[in-house]
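Enquirer: Can you keep this structure in mind? I'll have questions shortly.
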Amino acid sequence: MNQTAEDKIKGCCQCIHGEIEHWKDINQNGCSDPFWPDGCNMNLTRNHIIYYQRQLREICTENRLPLPDEYYFAVPPEVDVNYMASLKQKPRVERLRQTGRITTGRFYQYDENQMSLF
């Protein structure tokens with residue numbers, strides 16, 4: 001089934017909302033990935049947001065449609081790849097420390113109300 005440009009735009013917008021919520025959840029609670037620190041997963045999620053925003057630009061440009069608000073949403077900040085949102089997950093933190101990854105305890109701020117120019 002062929003999707004219309006509007007359907008593709010709607011899908012990208014939904015993905016952006018989902019990825020932003022996922023980034024915020026990892027930042028607040030950490031994640032359960034046994035092999036990678038939270039920062040690595042947060043940066044991956046950040047890259048997904050950038051990807052979907054680029055998709056929006058391409059779809060809208062090709063179809064001469066206005067860019068939706070989600071295109072202008074601020075992208076969460078890039079974080080230290082060794083960042084751990086929660087050091088309470090002791091077995092996971094210890095396993096990552098044993099692999100040579102140093103964890104940081106800094107909390108990252110994301111102002112979702114800040115609109116991006118790009």
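The values are calculated or read from the model by the stated rules, or taken from the named source; none is laboratory data. All of these numbers come straight from a predicted model, not from anything done at the bench. Ideal geometry is used to build each Cβ from the backbone, glycine not excepted, and the neighbour counts take in all protein chains shown.
Enquirer: Residue by residue through region 1-47, note down the ones that are aliphatic (A, V, I, L, M) and without any contact (Cβ under 8 Å) to a residue 12 or more places away in the chain.
Expert: Hits for region 1-47 are MET1, LEU44.
Enquirer: In the list ARG46, ARG64, ARG54, which residue meets the criterion of being modelled with pLDDT of 95 or more and under 14 Å from TYR110 (Cβ atoms)? Lay out the reasoning, then the answer.
Expert: Values: ARG64 fails: under 14 Å from TYR110 (Cβ atoms); ARG54 fails: under 14 Å from TYR110 (Cβ atoms).
Of the residues listed, the single one that is modelled with pLDDT of 95 or more and under 14 Å from TYR110 (Cβ atoms) is ARG46.
Enquirer: Taking region 31-88 only, how many residues are over 19 Å from ALA5 (Cα atoms), aromatic (Phe, Trp, Tyr) and in contact with an Asp or Glu (Cβ under 9 Å, 6 or more places away or on another chain)?
Expert: Number of matching residues: 2.
Enquirer: Right, here's the next one. When you go through ARG54, ARG64 one by one, which is the residue that is of a type in the set (D, E, K, R), in a loop (DSSP other than H, G, I, E, B) and more than 30 Å from ARG97 (Cα to Cα)?
Expert: Going through ARG54, ARG64 in turn, the sole match is ARG64.
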